[in-house]
Structures are given as structure tokens and as C-alpha cells.
Amino acid sequence: MLTNPETVWPEGVIARYLTVAGATVDLWYDSGTLRAKCGGERCRWTGYESTEVFYTDTDEVRDQKIDDALPGLQRQAQSHAEKCRALPRPAVTA
């Protein structure tokens, strides 16, 4: 069963890719770094891009640095999603 791409994204996720097996690859910003991780069961693919954001940067400057670094990580995530066959772990029902 494929993950419903319309479900609510986890807090902080700024981009999401659906793998061929129905898992998701999520991208988020964390402490100066854009990060990506595949949600396929036991898939160890991760990616990151440094944004060189400083505590003195304004919100606008921070957002521009994130926007500048995002395309490279998006390409990596898309490339992984096109090939990954690791299935997402099914939801546990009571």
C-alpha cells in the first residue's frame, strides 16, 4: 500500500519525495544544515547540505541561504526516491 501523499507532513519537513515502493524521503532544516532521510524500512540513505546560516542572520537571509542550498539536496533525494525499493513499515493497528 502506498503512503498517501496528502497526509499531514511531520513538523519541519520542507520537501517530500515518494519512493517507487511507497516510502517517503523527507527534507528538513536543522541547525544550519538541510537534511534528508529515506523512510523505507532499514534503508540507510541520508543526505545533507550545509547552509552556513549564522545566528546573526536575519530570517530573510536564513531563508535565502536555505533556498540556495535546497536544489542540490532535492536532486539527491529525487534520485534516491526513483530507485529505492525499501517498503515503509506498515502502521500498527490495535
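The values are calculated or read from the model by the stated rules, or taken from the named source; none is laboratory data. Just so you know, these numbers come straight off a predicted model, no measurement behind them. Don't worry about glycine lacking a Cβ; one is built from the backbone with ideal geometry, like all the others, and counts go over all protein chains shown.
Checking Ala91 against (1) over 13 Å from the mean Cα position of the chain (by Cα); (2) among the small types (Gly, Ala, Ser); (3) modelled with pLDDT of 95 or more, which test does it fail?
If we test Ala91 against (1) over 13 Å from the mean Cα position of the chain (by Cα); (2) among the small types (Gly, Ala, Ser); (3) modelled with pLDDT of 95 or more, just (3) comes out false.
Each row is one residue, and each column tells you yes or no for (1) within 12 Å of the chain's Cα centre (by Cα); (2) within 17 Å of Gln64 (Cβ to Cβ); (3) of a type in the set (Val, Ile, Thr).
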| residue | (1), (2), (3) |
| --- | --- |
| Val13 | yes, no, yes |
| Leu18 | yes, no, no |
| Gly22 | no, no, no |
| Val25 | yes, no, yes |
| Gly32 | no, yes, no |
| Arg35 | yes, no, no |
| Cys38 | yes, no, no |
| Thr46 | yes, no, yes |
| Ser50 | no, yes, no |
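To keep it simple, each residue is scored yes or no on (1) at pLDDT 95 or above; (2) surrounded by fewer than 16 Cβ atoms within 10 Å (Cβ to Cβ); (3) in contact with a helix residue (DSSP H, G or I) (Cβ under 6 Å, 6 or more places away or on another chain).
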| residue | (1), (2), (3) |
| --- | --- |
| Pro10 | no, yes, no |
| Arg16 | yes, no, no |
| Arg44 | yes, yes, no |
| Gln74 | yes, no, no |
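Taking strands (runs of 3 or more DSSP E) that do not extend beyond the chain, which have at least 1 residues that are in contact (Cβ under 8 Å) with a residue 40 or more places away in the chain and touching a Ser or Thr at 6+ places or on another chain (Cβ under 7 Å)?
Passing ranges, in order: 13-18, 24-30, 33-38.
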